[in-house]
Amino acid sequence: MAVKIDDMYYAYSANDEIASKGEYGGVVTSILKFLLEKGFVDAVVAVEEAADLYDAKPVLITKPEDVIKSAGSIHCGTLNMAKFISKYLDGARDMKIAVTCKPCDAKTIRELMKKGKIIEDNVFMVGVNCGGTLSPIPTMKMIKNEYGLDPAKVVKEEISKGNLIMETEDGEEKGLSIENLEEEGMGRRPNCQRCDMKIPSNADLALGNWGVIGPLQGKATFVEVFSDKGADYLTEVINANIINVEEPLEKGIEIRDKVNTVMLKNSKKQEAADFEGTTGDIIEVFNEYREDLSRCMKCYGCREACPLCYCDDCCLETEGPEWVPGGYTPAAPFFHLTRMVHMVDACTNCGQCEEVCPSEIPVAKIFATVNNKVKNTFGYVSGIEDDTPIPFTQFPDRGNK
């Protein structure tokens, strides 16, 4: 069997243990384990549960038998895998890796590939569909106060037919309107609500449960192929009888497209609301959010969390009047203006900056507002391989090492 780009399948693991532990047939786990066993990759980068379901940690897996530890989804695992690869694995310069990634992870990995910070030939991206992730602490409060459930007993969350559904360890399910929750400031992270990609078509493979109907519903994964590398590796996996595949039902393909379309439509609606009344001009954005930014304590959390901040010497820590004066709290205006200019061509709306801000400044929204202006002006979407961007990296060196 030879797989081609754009092929679609219903798939499920041929290993009963993996099929039962992994979500929707354990296909992601089966693929990763096989690639590691056969030496196609040196390691797997994935996410494991840390303290509890609401806490995730990135892991580097080199033993095939350990891959199963990363099976299942952690919807409150809001980290971006690109930072782990670029900073701690030296951009995969000396090793081949397979990485599971949400659309925003894949966008950011692609962006870092363009900038030479991650080596494309050494990375295989197993993308997973994503309707959005949930911030841990607010989610636990929401489960307790709005759902009337014990957060410690929740084992799974899912967005289905406009509802955010919580499932407990004893099989109880309770769903509430995600639109109503988000109108009250709960639900998905703000950046996820306006995200413009739900199916990671910028990865090598995209996998998820959307569109799996009929006898395999809940037991299989919908797989779509987006690259030659994805086609080649999936061919190896199928021919080795690691996973079983079937042609997807036409109705299932239609449902998958419909789910994706509805989610993107809602994202567009949220994006329009977030960017309403602003041109995206940097000074205008700064003035609009001046009160929010006045809470900044200059902790550098946004910079440290940002997967696209990689300069060896950061201009934001320059002492004296040259760039950003030090010793001021709240931060001097030029601190924020410098960050905006530095990130304007690269922001992928991953929300890492906003997630860690102790002053609860809507940092991701601020950066996305400016980035959206660049995107609309130049037709440039961060992190998508087929763009013809006009990134600022074509201009004289900005000090990136």
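Within the stretch 61-80, does at least one residue satisfy the condition of being open to solvent by 40 Å² or more (accessible area, probe 1.4 Å), under 23 Å from Pro307 (Cβ atoms) and in a strand (DSSP E or B)? For the stretch 61-80, residues open to solvent by 40 Å² or more (accessible area, probe 1.4 Å), under 23 Å from Pro307 (Cβ atoms) and in a strand (DSSP E or B): absent. Answer yes if at least one residue in the stretch 25-34 is charged (D, E, K, R) and open to solvent by less than 40 Å² (accessible area, probe 1.4 Å), and no otherwise. The answer is no, given that none of the residues of the stretch 25-34 is charged (D, E, K, R) and open to solvent by less than 40 Å² (accessible area, probe 1.4 Å). Being out of contact with any His (no Cβ under 6 Å at 6 or more places or on another chain), buried (at least 17 other Cβ atoms within 10 Å of the Cβ), outside the structural domain of Gln352 (by TED's automatic domain parsing) and farther than 28 Å from Arg110 by Cα holds for only one residue in Glu179, Glu224, Glu167, and it is Glu167. Of the numbered criteria (1) without any contact (Cβ under 8 Å) to a residue 12 or more places away in the chain; (2) open to solvent by 80 Å² or more (accessible area, probe 1.4 Å); (3) over 27 Å from the mean Cα position of the chain (by Cα), the one Glu284 fails is (2). Just for helices (runs of 4 or more DSSP H) wholly inside the stretch 308-383: which have at least 3 residues that are at pLDDT below 85? Helices (runs of 4 or more DSSP H) meeting the threshold: 333-343, 363-378. Within the stretch 84-95, the residues that satisfy the criterion of being on the phi > 0 side of the Ramachandran plot and either open to solvent by less than 10 Å² (accessible area, probe 1.4 Å) or part of a strand (DSSP E or B) (or both) are Gly91, Ala92. Looking across the stretch 237-259 at every residue that is part of a loop (DSSP other than H, G, I, E, B) and of a type outside the set (S, T, N, Q), the one that is farthest from Leu337 (Cα to Cα) is identified as Ala240.
Could you check the stretch 1-18 and list, in sequence order, the residues that are closer than 16 Å to Ala240 by Cβ and part of a helix (DSSP H, G or I)? Result: Ile18, single match.
Among the residues that make up the stretch 82-104, is at least one of them among the small types (Gly, Ala, Ser), more than 23 Å from Phe226 (Cβ to Cβ) and in contact with an Asp or Glu (Cβ under 8 Å, 6 or more places away or on another chain)? Within the stretch 82-104 (the criterion being among the small types (Gly, Ala, Ser), more than 23 Å from Phe226 (Cβ to Cβ) and in contact with an Asp or Glu (Cβ under 8 Å, 6 or more places away or on another chain)), the answer is no, since none of the residues qualifies.
Of the residues screened, Val262 is not one that is assigned by TED's automatic domain parsing to the domain that holds Thr338 and either part of a loop (DSSP other than H, G, I, E, B) or under 27 Å from Gly187 (Cβ atoms) (or both). When the test is whether a residue is farther than 16 Å from Asn239 by Cβ, in contact (Cβ under 8 Å) with a residue 12 or more places away in the chain and charged (D, E, K, R), Asp6 passes it. Only one entry of Ala98, Ala106 meets the criterion of being in a strand (DSSP E or B), under 21 Å from Ile31 (Cβ atoms) and hydrophobic (A, V, I, L, M, F, W, C), and that entry is Ala98. List the pairs whose first member sits in the stretch 124-150 and is free of Cβ contacts under 8 Å to residues at least 24 places away in the same chain, whose second member is of a type in the set (S, T, N, Q), and whose Cβ atoms are under 8 Å apart, counting only residues at least 6 apart or on separate chains? Every condition considered, the pairs that remain are Asp150/Thr168. The condition of being part of a loop (DSSP other than H, G, I, E, B) and closer than 16 Å to Val126 by Cα holds for only one of Phe34, Phe40, that being Phe40.
For Thr108, the stated conditions do not hold, so it cannot be described as open to solvent by less than 10 Å² (accessible area, probe 1.4 Å) and not assigned by TED's automatic domain parsing to the domain that holds Val59. A search for C-beta distances below 9 Å between a residue of the stretch 171-195 that is under 25 Å from Phe367 (Cα atoms) and any residue that is part of a loop (DSSP other than H, G, I, E, B) and open to solvent by 70 Å² or more (accessible area, probe 1.4 Å), counting only pairs 6+ apart in sequence or on different chains, returns Leu181/Glu146; Glu184/Glu146; Met186/Glu146.
The values are calculated or read from the model by the stated rules, or taken from the named source; none is laboratory data. As the structure is a prediction and not an experimental result, all values here were calculated from the model. Every residue, glycine as well, gets a Cβ built from its backbone with ideal geometry; the counts of neighbours run over all protein chains shown. Accessible surface areas use protein heavy atoms only, side chains included; no ligands, DNA or RNA. Shrake-Rupley method; radii C 1.70, N 1.55, O 1.52, S 1.80 Å.
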